[in-house]
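What follows draws every value from the coordinates through simple rules; no lab data is involved. Values in this document were obtained by computation on a predicted structure and should not be read as measured data. Backbone-built Cβ (ideal geometry, glycine too); neighbour counts: all protein chains shown.
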Amino acid sequence: MSPKIVLTALRPKQWTKNLVLFAGLIFSQNLGHPGLLIKTILAFLLFCLLSGAVYLFNDLADIESDRLHPQKKLRPVAGGALPAKTALLLGLSLSLFSLAASFYVNFLFGLSALAYFILMLLYSFVLKKLVIIDVFVIAAGFVLRAVAGAEAIAVPISEWLLICVILLALFLALAKRRQEQVHLTAEAPGHRTVLTEYPQKFLDQMISVVTAAAVVCYSLYTLSPETTAKFGNSNLKYTIPFVLYGIFRYLYLIYKKEEGQSPELALLTDAWLLGDLVIYVITVWLAIYL
């Protein structure tokens, strides 16, 4: 068994989701603080290991249904390249190590990591079978990442920002469900039973609601008196066009290109979306730090 197979099973491409942990560092205006930056990077790496362990447990739970999926059947566990017993031992080792190290960083960060781990385990084995609840659990996972990033360096995080994270995560989760419906068609129920509870029109309606709510909430966050007082200016409002473009570009990928089943893949492969993210980050830095 090669290290490449193990790394593939840990799904490193999906570790981009853990970048949410940097929100607390960036929006608390501590990006230039070396000690806090190192702590956040450590927190990010621990969550990468922890989420990798969760993916192993998820693959073990879904081993039969993944074999019915045109792409997921090639995953190491479903394809047999990584034996189930080995995957279980690796998952247990990674989760125990990352949780112990998380509590070593500080107690509240450890609690956040533990809450994330338990919630994702419940999702892997039970909650992903419950309609609507499944996408809310995915969103809660993103919120716990953001909270964990703030707890790692002991800084407060805006309630507005947490709401924005929830809505954006719901948007991505619903888009993923829609694309699973489109690509799997008649095979969808065999792969993920909850997909039978998601008519395409229903998903489109929920995506529309969440999209509008995310844009409005982010705009209100940038213009709120709390944000203006915190940063000493209202320049964060200039990031709104880039948030709009990013959402619209992703909708374009979903409805025109029939992509979006893997948000992390779209982020890494679509040049326009990646470029928009880079410009957004630069604009946030200019607005907050200059």
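Here are a few things to note about the model shown:
- Gaussian network model of the chain, Cα within-10 Å springs - most flexible of 218, 250, 280: 280
- Candidates 171, 22, 97: whichever shows maximal mean-square fluctuation once the chain is modelled as a Gaussian network with Cα springs under 10 Å: 97
- By the Kirkwood approach, averaging reciprocal distances over each pair of separate Cα atoms, the chain gets a hydrodynamic radius of 19.9 Å.
- Rg followed by Dmax, in Å, when segment 14-157 is reduced to its Cα trace: 16.1, 48
- Highest-MSF residue in the chain out of 154, 229, 84 [GNM, Cα springs under 10 Å]: 229
- Above-threshold pairs, the threshold being 27 Å between Cα atoms, out of 4/129; 13/201; 73/129; 237/257: 4/129; 13/201; 237/257
- Net charge of neighbours whose Cβ lies under 14 Å from the Cβ of residue 201, counting Lys and Arg as +1 and Asp and Glu as -1: 0
- Calculation over all alpha carbon pairs of segment 158-290 in 10 angstrom steps from 0 returns a P(r) of 12, 38, 30, 15, 5, 0 percent.
- Residue order for 160, 285, fewest other beta carbons within 10 angstrom first, comes to 285, 160.
- Going by neighbour counts of Cβ atoms within 10 Å, the residues 120, 206 line up, fewest first, as 206, 120.
- Calculated [222 nm] ellipticity per residue, helices only, for the chain: -23500 deg cm²/dmol; basis is -39500 (n - 2.57) per DSSP H run with n ≥ 4, divided by all residues, nearest 500.
- By average C-beta atoms within 10 angstrom, highest first, the peptides 46-56, 231-241: 46-56, 231-241
- Of the DSSP H helices in the chain, those whose Cα atoms cover at least 24 Å axially and whose Kyte score averages 0.5 or more: 34-61, 84-105, 107-125, 133-152, 159-184, 200-223, 271-289
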